[in-house]
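A.B. asks: First the structure, then my questions, so here it is.
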Amino acid sequence: MRKEKMKCVKCDEWAEETGVVVDGFKMRAWKCSECGEEYLNPEDAEKALILNKYKKGIKVKVGALGDSTIVRIPKELAHALGLTKGKEVEIKSKDAKHIEVVL
Ligand SMILES: [Zn+2]
C-alpha cells in the first residue's frame, strides 16, 4: 500500500498513518503526533457510511437463475464489502428466518 502523507490542519504537523476499526471495519487513517487529531481516509469513511446505511436492512426480491435461488446485493454495498464476481463467501443458516454470508 502506498504511503500518503498528510498535514494536520490544526497544528500543521505531519500526521502519521494509522488504522482505526469501527464495527470490524478497518479504516485507513492518519493521527497527528502533536495534537492527536485523527483523519479518516475519505474512501474508507464513505464505505463505512454505506455499511452503516444497510444495518437497518432493505427489502429485496428473491430471484431465480437456472436452478439457483438468488438474492441481489446492492452495488454500493457489494463495493463497500469488496465483494466482486468470483469471490468465495460462506453461507450459513442461522435459524428459520436468518442466513449469514461470511466474507
Ligand atoms: Zn495536530
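Derivation of every value follows stated rules applied to the coordinates shown; laboratory data play no part. Everything numeric here is computed off the predicted structure, so don't read it as measured data. Here the Cβ is made from the backbone with ideal geometry for all residues, glycine too, and neighbour counts use every protein chain on show.
A.B. asks: Could you tell me which of the residues 20, 60 is surrounded by fewer than 13 Cβ atoms within 10 Å (Cβ to Cβ) and in contact (Cβ under 8 Å) with a residue 12 or more places away in the chain? Full working, then the answer.
C.D. replies: Numbers: 20 fails: surrounded by fewer than 13 Cβ atoms within 10 Å (Cβ to Cβ).
That would be 60, the only listed residue that is surrounded by fewer than 13 Cβ atoms within 10 Å (Cβ to Cβ) and in contact (Cβ under 8 Å) with a residue 12 or more places away in the chain.
A.B. asks: Also, quick follow-up: One residue is enough: does the range 42-57 have a residue meeting the conditions of a type in the set (Lys, Arg), surrounded by 12 or more Cβ atoms within 10 Å (Cβ to Cβ) and within 16 Å of the ligand (Cβ to nearest atom)? First the steps, then the outcome.
C.D. replies: Restricting attention to the range 42-57, the residues satisfying the condition of being of a type in the set (Lys, Arg) are 47, 53, 55-56.
Now restrict to residues that are surrounded by 12 or more Cβ atoms within 10 Å (Cβ to Cβ): 47, 53.
Remaining after also requiring within 16 Å of the ligand (Cβ to nearest atom): none.
Looking for residues that are of a type in the set (Lys, Arg), surrounded by 12 or more Cβ atoms within 10 Å (Cβ to Cβ) and within 16 Å of the ligand (Cβ to nearest atom), one finds none in the range 42-57, hence no.
A.B. asks: If you take just the strands (runs of 3 or more DSSP E) that sit entirely in the range 35-103, which of them hold at least 3 residues that are under 30 Å from residue 12 (Cα atoms)? Outline the logic, then answer.
C.D. replies: Details: elements: 38-40, 62-65, 68-71, 90-95, 98-102.
Where strands (runs of 3 or more DSSP E) fall fully within the range 35-103 and carry at least 3 residues being under 30 Å from residue 12 (Cα atoms), they are 38-40.
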